[in-house]
1. Which ones in region 133-187 are of a type in the set (Ser, Thr, Tyr) and either touching a strand residue (DSSP E or B) at 6+ places or on another chain (Cβ under 8 Å) or within 11 Å of Val66 (Cα to Cα) (or both)?
2. Quick check: is even one residue across region 174-196 in a strand (DSSP E or B), open to solvent by less than 10 Å² (accessible area, probe 1.4 Å) and either closer than 30 Å to Val495 by Cα or touching an Asp or Glu at 6+ places or on another chain (Cβ under 7 Å) (or both)?
3. Give Gly199, Gly244 a once-over and let me know the one that is under 19 Å from the mean Cα position of the chain (by Cα), of a type in the set (Gly, Ala, Ser) and part of a loop (DSSP other than H, G, I, E, B).
4. If I filter region 59-75 down to residues being among the small types (Gly, Ala, Ser) and modelled with pLDDT of 95 or more, which single residue comes out as farthest from Thr10 (Cα to Cα)?
5. In region 130-142, which residue that is open to solvent by 20 Å² or more (accessible area, probe 1.4 Å) and farther than 14 Å from Ile85 by Cβ is nearest to the chain's Cα centre (by Cα)?
6. Among the residues of region 261-284, how many are open to solvent by less than 60 Å² (accessible area, probe 1.4 Å) and touching a Phe, Trp or Tyr at 6+ places or on another chain (Cβ under 8 Å)?
7. So in region 458-470, with the set limited to residues that are outside any helix (DSSP H, G or I) and closer than 19 Å to Arg11 by Cα, which one is most open to solvent (accessible area, probe 1.4 Å)?
8. Run Leu366 past the list (1) in contact with a Phe, Trp or Tyr (Cβ under 9 Å, 6 or more places away or on another chain); (2) without any contact (Cβ under 8 Å) to a residue 24 or more places away in the chain; (3) not hydroxyl-bearing (Ser, Thr, Tyr) and report the number of the one that doesn't hold.
Amino acid sequence: MPRLPLLSGTRIVVASAPADARILRPPPPGRATDIEAATREALRFPLDGEPLEKLAAGATRATIVVEPPSLPIGSVLADPRRQAIAVVSETLAELGVPTHSQTLLVAAGLARRASRPEIAALVTPEFRRRFHGRVAVHDAADPALAGVPAEAPRVRLARELVDTDVVVVVSAAETVLHGGPATLLAAADAETQRRATAGSLLETRGSEGWRLASLVERTLAALLPLFGVSLVLNHPQFTGLLRGYPYEPAAAERVARSPLRLAFSAAPEAVRLSVLRSLRGTRTASAVLAGPPSVAHAEALLRAIELRGATLDEPFDALVVGIPGTTPFLPREKPNPLLAAHLGLAHALGLWRDAFPIADGGIVILVHRFRRVFARPTQQPYHVFFRADPIARDPQLLAAAEEAVAVDARAIEEYRAGSTVHPLLPFRDWESCRPALDRVGAVYVAGARDAAVVRQLGFVPIGGIGGALQMARGHRGHDARIGFLLVPPYFPLRVGSGET
């Protein structure tokens, strides 16, 4: 019976997997490429359209749109996107747009606006020394956002995207809602971004977020030259005790049996959190592609799925997912219960292609304590879901609460000041869970310490993984297909290809 270490908050929970369970782990990191050389080549030879040299001809101003490295989830020593940003800036300078005429636009969507240290971490030390241009952090609630001619609905964008001569997007191909044209969408007004959801994070079909992102791209491309650079990131590589984890079965067994794990579990939470933050892996990129943002991003995403994904022949009846003690956005903090649910239901179970990884009416088992903890001040807008009247499963209460926060001047000002996330983000996060909730029969929370908060989200609190598996077999039958998802890193799942 395999012993599997699952990250549950800041704890490592060891689960005894049934003999017939399928353990899903990501493939090991792919071969690294030279980021600087690959980026320069991509700028000269895009997949489609004109190279950057021609698009920037005659330009005197340029905007480089970048994304905070919130995805992939996990701590790394240096993000490859930093090098690509530096190369793009250097190339623009060589083409006649000096750095003092360049604007670095940080598009964080509805997440908390980036602070000065977070902005500095987006680029290399050398870039910080030589860059003399302007750095702008997008404000989704800015009344001065530029209205642009577009198809319905009306979209307003950061002025840095329209008051310029050329726009270059630098991002990583993570999902249809992260990277490429979605980075442009993350520089739009809050109401437009609120609608950016998707049934699958890896398929454009039926994705309102991809439709809106493509709309923004087409609108901008009609106004000025637009170019995209998309990176295909590898999974992180760890050293020390985590060497080979979670890619190798022997590494998982080594972590599960290590006496250091017992000492780690017995340590205070602050110590565990400090240790986890110190375990930074090394992340590389396997390719850099360029062209129109949607073209480069789509091709890079397909390559990322092949490189980083796992395959299963048919959906599971029950799937166990460990939830780490971090948020899906920056700064990395302990997640409140809604964000813990979002990590499991919207993110981990959103990374599928061809078919949903759990059979209709199946069971999701989230391994997390679901404590009523809201990091101050960033996560204060999430409190609205956990007041006296639970709103998560009541459409009328949910709609009324969203209407109220949308006009809450104090909450919006706190977002604009860089203190909290935008008040609409919790509602989009919860709606992002809807595709999974509409398919599964129940969500069990194994190890829950606050049963009331679990029930407020419509889930079932259960003491441990063993009890949850027994209930799942009782619901789905003794021959139910059981799966364990070893994350992070989160990885794509291709379902129903006939392979195992």
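The values are calculated or read from the model by the stated rules, or taken from the named source; none is laboratory data. Please read these numbers as outputs of a predicted model, since none were measured by experiment. All Cβ positions, even for glycine, are placed from backbone atoms using ideal geometry, and neighbour counts span all protein chains on display. For accessibility, only protein heavy atoms count, side chains too; no ligands or nucleic acids. Shrake-Rupley method; radii C 1.70, N 1.55, O 1.52, S 1.80 Å.
1. Thr164, Ser171, Thr183 - these are the residues of region 133-187 that are of a type in the set (Ser, Thr, Tyr) and either touching a strand residue (DSSP E or B) at 6+ places or on another chain (Cβ under 8 Å) or within 11 Å of Val66 (Cα to Cα) (or both).
2. Looking for residues that are in a strand (DSSP E or B), open to solvent by less than 10 Å² (accessible area, probe 1.4 Å) and either closer than 30 Å to Val495 by Cα or touching an Asp or Glu at 6+ places or on another chain (Cβ under 7 Å) (or both), one finds at least one in region 174-196, hence yes.
3. Sole residue among the options that is under 19 Å from the mean Cα position of the chain (by Cα), of a type in the set (Gly, Ala, Ser) and part of a loop (DSSP other than H, G, I, E, B): Gly199.
4. Ala59
5. Per the stated criteria, the residue is Val137.
6. 3
7. Gly463
8. With respect to (1) in contact with a Phe, Trp or Tyr (Cβ under 9 Å, 6 or more places away or on another chain); (2) without any contact (Cβ under 8 Å) to a residue 24 or more places away in the chain; (3) not hydroxyl-bearing (Ser, Thr, Tyr), Leu366 is out only on (2).
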